[in-house]
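A.B. asks: Below is the structure I would like to discuss, written out as structure tokens.
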Amino acid sequence: MSGFSSGDGRLQDLEAGPSKDNNDLNTNLDPDADTSDPFDIDQTKNATPQTLKRWRQAALVLNASRRFRYTLDLRKQEEKEQRKRMIRAHAQVIRAALLFKLAGEKGIVSGTPVTLPGAAGDFAVGLERLALMTRDHKLSALQQYGGVKGLSDLLKTNLETGIYGDEVDLLNRKTAFGSNTYPRKKGRSFWRFLWEAWQDLTLIILIVAASVSLGLGIKTEGLKEGWYDGGSIFLAVLLVIVVTATSDYRQSLQFQNLNEEKRNIQLEVVRGGRIVKVSIYDVVVGDVVPLKIGDQVPADGVLVNGHSLAIDESSMTGESKIVYKDKNEPFLMSGCKVADGVGTMLVTGVGINTEWGLLMASISEDTGEETPLQVRLNGVATFIGIVGLSVAVSVLVVLLARYFTGHTEDPDGTKQFIKGRTNFDDAFNDVVKIFTIAVTIVVVAVPEGLPLAVTLTLAYSMRKMMADKALVRRLSACETMGSATTICSDKTGTLTLNEMTVVEAFVGKKKINPPSDSSQLPASVVSLLNEGVAQNSTGNVFVPKDGGNIEISGSPTEKAILSWAVKLGMKFDIIRSDSKILHVFPFNSEKKRGGVALQGADSEVRIHWKGAAEIVLTSCSGYIDSNGCLQSINEDKEFFKAAIDEMAVNSLRCVALAYRLCEKEKVPTDEEGFNGWILPEDNLVLLAIVGIKDPCRPGVKDAVKICMDAGVKVRMVTGDNIQTAKAIALECGILSSAEDATEPTIIEGRVFRELSDKEREQIAKKITVMGRSSPSDKLLLVQALRKGGDVVAVTGDGTNDAPALHEADIGLSMGIQGTEVAKESSDIIILDDNFASVVKVSGCMLSYRYYYFLCSCILLLNLRKGLYQIFIN
């Protein structure tokens, strides 16, 4: 790792930039901050436009348009922002213009019928009326349709089971309301790249020199032999133009493919009573879409139901504020993010019939991005170019002066120019040769291939990384990843398979074996367990009417618990219909639990909680024994703690289920009261503790060893029990032996959080495993490691991981379990959620750095050799 020692003794990485403590951040974000080196960009990630402008304007740059053709066009970036503001202000005007244009082109997208204004097709409500209601957030229009239920009837949608979802139904909806796509600006053609390639100033000089040389050669030596010099230059120029254009065109196509991959979000919709995963492009009007924290709203729509649902609308309104959605504010805008809570939406507008679609249709995504190495190499190329140009001009002046003063001689000693005797043609021919020498110096001296070599190598690396299940979102990560000194990895789904199964269960003090044998439990306990699992879940159970296999959807943990309850005899749909949900506290990664208040057929209000076993246990005052009797937990708490520890030592994730009754007079009676209601979480009655097995991924131990051998420290940061984390760390090779598992090598997030900044910085280097950590603990660890001089890579999948992903030198989000918020905050998306892929990315980037260094050496050696030969001649 290339680095230098700062004044405080910390080692800093030249490629990744210095630590981002508060002082550094304030300095880097100041556009007027002075710097001694205009080509030095301290901030690897999220550099300001003012910073990026500095090195463009630092010095005279030969061929600036081609030199910077692979970097961010700041003028276009500003135009994009202005266009966004224009769209927000004039969305309907642009929409009408686009519809008119697309109607003339016979389709929004190739093969998609045009939706005419007001056309309803087979539906009782038209496109224009829906678009007007959603765009203007007209609650009165929604009420005229009979509310969400009435609107769903007009759209032939069942709010519980969704649309039918067969091919005919989908085609009818796309015909009537359009598809969830938008017209994209076509990429530049190969001929456009060819046109741009020949406009290189150096090539134009060579073409002029070749033309003169060709004319003089034919004139002096005849056509048969006189075309050699000029023709050879023309052929070389043609070859350079074709190769450059081909390279640029292929890279442009590759960037387009990568952007398409990033835009193609996979999400869940309810169709035919089951939850299915579809592409965001396949969402249609009438779809029922479940929403949870971190999701992107895939289309315009109205809220069907929700609990504490908060939406970040900054991407559309430009204002950074969270908007809570309820029946008084039910309208959802495409492109916004779910900041908190859960809910379900009914899609009412897709594609260019949404403001997000208009925005995407009117702007093109700029793939240019400066990486730290490109910035520095452009500085080197600019400096060498100026030196080469100065030398060329000096050589031209000296050679011309020597020639016209009679000091230039042929090999036989004859002077080449004698005033009054040398004819014009000979003199002109000699001057052209002198001019050609000067041009040659410029051509050899300007190392335009130096920055280009980085871009081409990056493109190759990105293509290779895609094959290794890694999608690059920011080019700068390609360089920084090769310098990583530590990787802070999640456990679940990254180091493990994320294929969870309940393998142990305690009900009361009795261990149920096998865990799904309901015959060992009284009916009252099974009923409470099934009710708590079915209602306090974001998953779903679909039972086919034809008697096929039961389909269970949701997060891996939810699926494992639902599968266990189904084996206990849970009738998911019946339980859901027998009780009414009053309020939901969505699972929170800080509190490690989630709860639901519901009212049964007997009007009794019960509150069910589910979460981390040892945390739920602290809130329990009693438990239901295996006979269905209520017992005090005070004397038996140590037994349950020991049971949890035993399961954790065996690498099991421990989840507890508990409930309590709630007095009716304490339950709010209106929606406003429910919004501020905090579910009681004390005096709970423990129902069961389950142990969930999530085996380690094959190959993870080898991947960890590769990192360790390369000097890259692997740290596990997980929200799981500290004992579970320890067991998995030993299994994966992160901990070499149980003797190493002492504090601070293995530490709880709570303990680390309570330390002072200085203590955290000292201890961070020693930490190998952090259990029961919250996203804020992960952020504190990243900050402490970076202050200590480490180049940190962090994996994350949740919305709350976004700050840590943003703060780290390299943020790695998970492509399968990761939320859209986490993906947008990351630099690289690991498509298969596998730690082995993270290691492959590191190896690929390290190879890239060595490959680039070799290319740079070869280019500089060629430059030196070329200049030496010119001066010798």
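The values are calculated or read from the model by the stated rules, or taken from the named source; none is laboratory data. None of the values given here were measured: they were computed from a predicted structure. Every residue, glycine as well, gets a Cβ built from its backbone with ideal geometry; the counts of neighbours run over all protein chains shown. Calculation scope for accessible area: heavy atoms of the full protein, side chains included, ligands and nucleic acids excluded. Shrake-Rupley method; radii C 1.70, N 1.55, O 1.52, S 1.80 Å.
A.B. asks: Out of curiosity, is L238 free of Cβ contacts under 8 Å to residues at least 12 places away in the same chain, of a type in the set (A, V, I, L, M) and either out of contact with any helix residue (DSSP H, G or I) (no Cβ under 9 Å at 6 or more places or on another chain) or crowded, with 19+ Cβ neighbours inside 10 Å (or both)?
C.D. replies: Details: free of Cβ contacts under 8 Å to residues at least 12 places away in the same chain: yes; of a type in the set (A, V, I, L, M): yes; either out of contact with any helix residue (DSSP H, G or I) (no Cβ under 9 Å at 6 or more places or on another chain) or crowded, with 19+ Cβ neighbours inside 10 Å (or both): yes.
Yes.
A.B. asks: Of the residues L132, L206, L151, only one is in contact with a strand residue (DSSP E or B) (Cβ under 9 Å, 6 or more places away or on another chain), part of a helix (DSSP H, G or I) and of a type outside the set (S, T, Y); which? First the steps, then the outcome.
C.D. replies: Numbers: L132 fails: in contact with a strand residue (DSSP E or B) (Cβ under 9 Å, 6 or more places away or on another chain); L206 fails: in contact with a strand residue (DSSP E or B) (Cβ under 9 Å, 6 or more places away or on another chain).
Going through L132, L206, L151 in turn, the sole match is L151.
Conditions tested, residue by residue: (1) at pLDDT below 95; (2) hydrophobic (A, V, I, L, M, F, W, C); (3) under 41 Å from the mean Cα position of the chain (by Cα).
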residue: C620; (1), (2), (3): no, yes, yes
residue: C629; (1), (2), (3): yes, yes, no
residue: D636; (1), (2), (3): yes, no, no
residue: L657; (1), (2), (3): no, yes, yes
residue: K664; (1), (2), (3): yes, no, no
residue: E671; (1), (2), (3): yes, no, yes
residue: L684; (1), (2), (3): no, yes, yes
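A.B. asks: Do you know which residues across the stretch 564-580 are within 25 Å of N498 (Cα to Cα) and either open to solvent by 80 Å² or more (accessible area, probe 1.4 Å) or aromatic (F, W, Y) (or both)? Give the steps one after another, and end with the answer.
C.D. replies: The initial filter retains those residues of the stretch 564-580 that are within 25 Å of N498 (Cα to Cα), namely 564-570, 572.
Correct list: W564, K567, F572.
A.B. asks: Sticking with this structure for a sec: Can you give me the number of residues within the stretch 745-760 that are under 16 Å from N721 (Cα atoms) and either assigned to a helix (DSSP H, G or I) or in contact with a helix residue (DSSP H, G or I) (Cβ under 7 Å, 6 or more places away or on another chain) (or both)?
C.D. replies: The qualifying residues number 6.
A.B. asks: Okay, moving on. Can you tell me which residues in the stretch 241-260 are surrounded by 13 or more Cβ atoms within 10 Å (Cβ to Cβ) and under 19 Å from G818 (Cβ atoms)?
C.D. replies: L258, N259
A.B. asks: Right, something else. How many residues, within the stretch 166-192, are farther than 17 Å from V347 by Cα and surrounded by 18 or more Cβ atoms within 10 Å (Cβ to Cβ)?
C.D. replies: 1
A.B. asks: If you don't mind, another one. Take E743 and tell me if it is modelled with pLDDT under 90, assigned by the TED database to the domain that holds M716 and over 27 Å from the mean Cα position of the chain (by Cα).
C.D. replies: Working: modelled with pLDDT under 90: yes; assigned by the TED database to the domain that holds M716: yes; over 27 Å from the mean Cα position of the chain (by Cα): yes.
Considered against the rule, which asks whether it is modelled with pLDDT under 90, assigned by the TED database to the domain that holds M716 and over 27 Å from the mean Cα position of the chain (by Cα), E743 comes out as yes.
A.B. asks: Then there is this: So which of E604, E558 is among the acidic types (D, E) and under 38 Å from the mean Cα position of the chain (by Cα)? Full working, then the answer.
C.D. replies: Details: E604 fails: under 38 Å from the mean Cα position of the chain (by Cα).
Answer to the check: E558.
A.B. asks: Taking the stretch 465-505 only, how many residues are within 27 Å of G719 (Cβ to Cβ), of a type in the set (D, E) and open to solvent by less than 20 Å² (accessible area, probe 1.4 Å)?
C.D. replies: Step one: list which residues in the stretch 465-505 are within 27 Å of G719 (Cβ to Cβ), which gives 469-471, 473-474, 477, 480-481, 484-505.
Restricting the remaining residues to those that are of a type in the set (D, E) gives 490, 499, 504.
Next, only the ones that are open to solvent by less than 20 Å² (accessible area, probe 1.4 Å) stay: 490.
The number of residues fulfilling the criteria is 1.
A.B. asks: Hey, another quick one. When the stretch 695-719 is examined, which residues are found to be of a type in the set (D, E) and either in the same structural domain as S516 (by the TED database) or at pLDDT below 90 (or both)?
C.D. replies: First, the residues of the stretch 695-719 that are of a type in the set (D, E): 702, 709.
Listed by number, the list holds a single entry, D709.
A.B. asks: Further question: What's the total number of residues in the stretch 533-563 that are over 19 Å from V596 (Cβ atoms) and either open to solvent by less than 30 Å² (accessible area, probe 1.4 Å) or in contact (Cβ under 8 Å) with a residue 24 or more places away in the chain (or both)?
C.D. replies: Filtering the stretch 533-563 down to residues over 19 Å from V596 (Cβ atoms) leaves 542-551, 556, 563.
Among the residues that remain, those that are also either open to solvent by less than 30 Å² (accessible area, probe 1.4 Å) or in contact (Cβ under 8 Å) with a residue 24 or more places away in the chain (or both) are: 542-544, 551, 556, 563.
Looking only at that region, the number is 6.
A.B. asks: Could I ask something else about it? From the list V297, V278, V285, which one is open to solvent by less than 30 Å² (accessible area, probe 1.4 Å) and more than 22 Å from the chain's Cα centre (by Cα)?
C.D. replies: On the way: V297 fails: more than 22 Å from the chain's Cα centre (by Cα); V278 fails: more than 22 Å from the chain's Cα centre (by Cα).
Answer to the check: V285.
A.B. asks: Another question about this same structure. Within the stretch 306-358, how many residues turn out to be under 20 Å from K138 (Cα atoms), of a type in the set (S, T, Y) and either under 22 Å from the mean Cα position of the chain (by Cα) or outside any loop (DSSP other than H, G, I, E, B) (or both)?
C.D. replies: Within the stretch 306-358, residues that are under 20 Å from K138 (Cα atoms), of a type in the set (S, T, Y) and either under 22 Å from the mean Cα position of the chain (by Cα) or outside any loop (DSSP other than H, G, I, E, B) (or both) number 5.
A.B. asks: List pairs: first residue in the stretch 179-197 and under 26 Å from V240 (Cα atoms), second residue among the small types (G, A, S) and assigned to a helix (DSSP H, G or I) anywhere in the structure, Cβ distance under 6 angstrom, at least six positions apart or on different chains.
C.D. replies: From the stretch 179-197, the pairs are G187/S252; F193/A245; L194/A245; A197/A245.
A.B. asks: Pick from L389, L346, L358: which is surrounded by fewer than 20 Cβ atoms within 10 Å (Cβ to Cβ) and either at pLDDT 70 or above or not assigned by the TED database to the domain that holds E313 (or both)? Outline the logic, then answer.
C.D. replies: On the way: L346 fails: surrounded by fewer than 20 Cβ atoms within 10 Å (Cβ to Cβ); L358 fails: surrounded by fewer than 20 Cβ atoms within 10 Å (Cβ to Cβ).
Exactly one residue qualifies, and that residue is L389.
A.B. asks: In the stretch 819-840, which residues are open to solvent by 10 Å² or more (accessible area, probe 1.4 Å) and either not charged (D, E, K, R) or not in a helix (DSSP H, G or I) (or both)? Please lay out each step first, then the result.
C.D. replies: Step one: filter the stretch 819-840 for residues open to solvent by 10 Å² or more (accessible area, probe 1.4 Å), giving 819-821, 823-825, 829, 831-832, 834, 836, 839-840.
Answer for the stretch 819-840, where residues must be open to solvent by 10 Å² or more (accessible area, probe 1.4 Å) and either not charged (D, E, K, R) or not in a helix (DSSP H, G or I) (or both): T819, V821, S825, I829, L831, D832, N834, A836, V839.
A.B. asks: Would you say S518 is under 22 Å from the mean Cα position of the chain (by Cα) and either open to solvent by 20 Å² or more (accessible area, probe 1.4 Å) or within 30 Å of L812 (Cβ to Cβ) (or both)? So that I can check it myself, show each step before the final result.
C.D. replies: On the way: under 22 Å from the mean Cα position of the chain (by Cα): no; either open to solvent by 20 Å² or more (accessible area, probe 1.4 Å) or within 30 Å of L812 (Cβ to Cβ) (or both): yes.
No, not satisfied.
A.B. asks: While we're looking at this one, here's another question. Considering only residues of the stretch 261-275 that are under 24 Å from K325 (Cβ atoms) and not acidic (D, E), which is most open to solvent (accessible area, probe 1.4 Å)? Outline the logic, then answer.
C.D. replies: Within the stretch 261-275, the first condition is being under 24 Å from K325 (Cβ atoms), and the residues that meet it are 265-271, 275.
From what is left, the residues that are not acidic (D, E) are 265-267, 269-271, 275.
Numbers: I265: 21, Q266: 98, L267: 23, V269: 0, V270: 17, R271: 28, I275: 38 Å².
So, considering only residues that are under 24 Å from K325 (Cβ atoms) and not acidic (D, E), the one most open to solvent (accessible area, probe 1.4 Å) is Q266.
Yes or no, residue by residue, for (1) modelled with pLDDT of 75 or more; (2) in the same structural domain as C478 (by the TED database); (3) of a type outside the set (S, T, Y); (4) over 28 Å from I207 (Cα atoms):
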site: E369; (1), (2), (3), (4): no, no, yes, yes
site: V380; (1), (2), (3), (4): no, no, yes, no
site: V395; (1), (2), (3), (4): yes, no, yes, no
site: F404; (1), (2), (3), (4): yes, no, yes, no
site: H407; (1), (2), (3), (4): yes, no, yes, yes
site: Q416; (1), (2), (3), (4): yes, no, yes, no
site: R421; (1), (2), (3), (4): yes, no, yes, yes
site: D425; (1), (2), (3), (4): yes, no, yes, no
